[in-house]
Amino acid sequence: MSSRAQLQEEVERSQQAVAEALSQAKKLGASAAECALNFSQGLSVSSRLGEVETVEFNQDGGLGISVYRGQRKGNASTADLSPKAIAAAVEKACEIAKWTEADQYAGLAPKELMATDIPDLELFYEANQTPEYATEQALTCERAMLDMDERIVNSDGASYSTHCGFRMYGNTHGFTGHYLSSRQSLSCMPIAKEGERMERDYAYTLARNPELLASPQSVAAEAVQSTVSRLGARKLKTMNAPVIFHRDVAHGLFGHFVSAISGGNLYRKTSFLLDHLNEQVFPEWLNIHENPLLKGGLASTAFDHEGLQTVERDIVSGGKLNTYLLTSYAARRMNMNPTGHAGGIHNWQIGTGDLSFDAMLKEMGTGLVVTELMGQGINMVTGDYSRGASGFWVENGEIQFPVTEVTIAGNLRDMFKQITAIGNDIDKRHAVQSGSIWIDNMKIAGE
């Protein structure tokens, strides 16, 4: 598999391909053009009940080009980086641009905002990418999982994957940038049985640096504990009660916030947070800081998908919304400046208090801990929220029994303002890094 030196050879080949595509576009009369190129390779191994089920090698990549003829835009792509294939793709994009409708907001991001400083953010780590090592990791995890508790009667398997590659972007402003990245993961999913009831759950570890992965034994232990704790699940009566979103699902709650302040929903007027810039959205104690330059971060990058320089910023201060998340297209539609978020957000660090998860349970006293969410019951226009859930019922500050087949409902506007506390059990496996979230009051629909 690829070492850093081998990836650099692919980078040099790709730089030539991007330069050729941009040059060809200008020769064919394009007023502007941009290219994005991705390359990834790695392997995944899965096992089930002590047997290797799959060993998959993959190598993916391709070049996408967008050309502009004034305000008309054409797109094309190719997985073949030969000069002939690139020329054909550029020609197709130029031909398409002749026939598309002119869009006054179309075009490259502003030249003066292109990234000029691209530091090494330590996103690439060489790893053991042999099938033998990957197989050993998966099998060790699954064997440990099956041996830990007699209630674990079956397995949906374990898997180990390791991938590395790079992303490159260039445009006719003269900008070309790239960065290498890597990612390793290990997961397992046990099945537990007690009486006639069966439950399943999972656990995983994820990191760019293989040395930061949790051990197969610890992943197995977490998966087993999560699975057996679900046995004996009960339903609840319909009520209103406090709800804690466990750290495993807490990032999703802020994911809805991301969608609500993203340019596409804002300029289409399909967001419940339209016209909320500088308004109070969360409690006064809550802050959200974004750090795209965090070394080794899972969502770090020095430039976004349009080549814009990314910068540290406070998304929320004192509970007030400081900024929208705008691509250059959305920014032009809204007569604002782009924010460097083409391609997504970058390492959101959610401010927390000093409460551990157990301390939060004691403070809450009685309520529901949600560990799994189902369905997509979100109305982004109104903020109405309704999703199937399972988790644990808490009384006297302690978990009493597992809960299944309930629906939790509210409105995201109210839910955000009713956040009582965020735990210090921060989950760093996502672009949003949050601890468990305690919301003061939600509707719980059960029996």
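Here are the numbers for this structure:
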quantity	calculated
Residue-by-residue Karplus 3J(HN,Hα) for the stretch 442-447, coefficients 6.51, -1.76, 1.60, Hz, glycine and proline x	9, 7, 10, 9, x, 6
Cβ crowding within 10 Å averaged over residues, with 268-277, 27-36 ranked highest first	27-36, 268-277
Highest-first arrangement of 60-70, 225-235, where packing means the average Cβ count within 10 Å	60-70, 225-235
Long-range HN-HN contacts of LEU355 with modeled amide H, under 5 Å	ASN424
Within the stretch 418-447, backbone nitrogen closer than 19 Å to the virtual label 7 Å beyond the Cα of MET374 toward Cβ	443-447
17 Å Cα-Cα reach of LYS417 towards lysines, excluding residues that sit fewer than 8 places from it in its own chain	LYS320, LYS443
Residues with amide H under 5 Å from that of TYR179, placed H, sequence gap 5 or more	ARG167
The stretch 353-447 - percent of accessible surface contributed by carbon and sulfur, probe 1.4 Å	45
Antiparallel content of DSSP bridges confined to the chain, in %, to 5	95
Set of lysines with alpha-carbon distance to LYS428 below 21 Å, sequence-local pairs under 8 removed	LYS295
J(HN,Hα) series, the stretch 302-317, from Karplus relation 6.51 cos²θ - 1.76 cosθ + 1.60, nearest Hz, glycine and proline x	7, 8, 8, 6, 10, x, 6, 5, 8, 9, 5, 7, 8, 6, 10, 10
Length added when fully stretched, LYS237-ASP103, from 0.36 nm per residue minus Cα-Cα	42.9 nm
The chain, helix-only ellipticity at 222 nm - DSSP H runs n ≥ 4, -39,500 (n - 2.57), divided by all residues, nearest 500	-8000 deg cm²/dmol
Point-to-point label distance, ALA445-ALA19, nm (Cα→Cβ direction, 7 Å offset)	6.1
Distant-in-sequence amide H partners of ILE191 (H built 1.01 Å from N, under 5 Å)	VAL153, ASN154, SER155, ASP156
Reciprocal of mean inverse Cα separation for the chain (Kirkwood radius, Å)	24.2
Cα-based shape type of the stretch 337-392, given that a ≥ b ≥ c are square roots of the gyration tensor eigenvalues and the cut on a/c is 1.5	oblate
Accessible carbon and sulfur surface of the stretch 86-172 relative to its total accessible area, %, 1.4 Å	47
Relative contact order of the chain, defined on C-alpha pairs under 8 angstrom at six or more residues apart (%)	14
Net charge dipole size for the stretch 17-170 [Lys, Arg +1 and Asp, Glu -1 on Cβ; Debye, nearest 20]	1280
Mean-position separation - Cα centroids, the stretch 372-447 and the stretch 314-350, in angstrom	25
Rounded to whole Hz, the Karplus (6.51, -1.76, 1.60) HN-Hα couplings of the stretch 151-156, x for glycine and proline	7, 7, 10, 7, 9, 8
Equivalent ellipsoid, the stretch 13-171 (semi-axes from 5 times Cα gyration tensor eigenvalues, Å)	45, 17, 15
Aspartates and glutamates with Cα under 16 Å of LYS193, excluding same-chain neighbours fewer than 8 positions away	ASP147, ASP149, GLU150, ASP156, ASP201
Burial ranking of peptide ranges 241-252, 312-323 (average Cβ count within 10 Å, highest at the top)	241-252, 312-323
Normalised alpha carbon radius of gyration of the stretch 53-94 [divisor 2.2 N^0.38 Å]	1.59
Per residue value of the accessible surface for the chain (all protein chains in place, 1.4 Å probe), Å²	45
Rounded if a/c under 1.5, otherwise prolate or oblate - the stretch 138-177, Cα gyration tensor axes	prolate
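The values are calculated or read from the model by the stated rules, or taken from the named source; none is laboratory data. Owing to the predicted nature of the structure, the values given are computational and were not obtained by experimental measurement. As a convention, Cβ positions derive from the backbone with ideal geometry for all residues, glycine included, and neighbour counts pool all protein chains shown. The accessibility values were calculated without ligands, DNA or RNA, using every heavy atom of the protein model including side chains. Shrake-Rupley method; radii C 1.70, N 1.55, O 1.52, S 1.80 Å.
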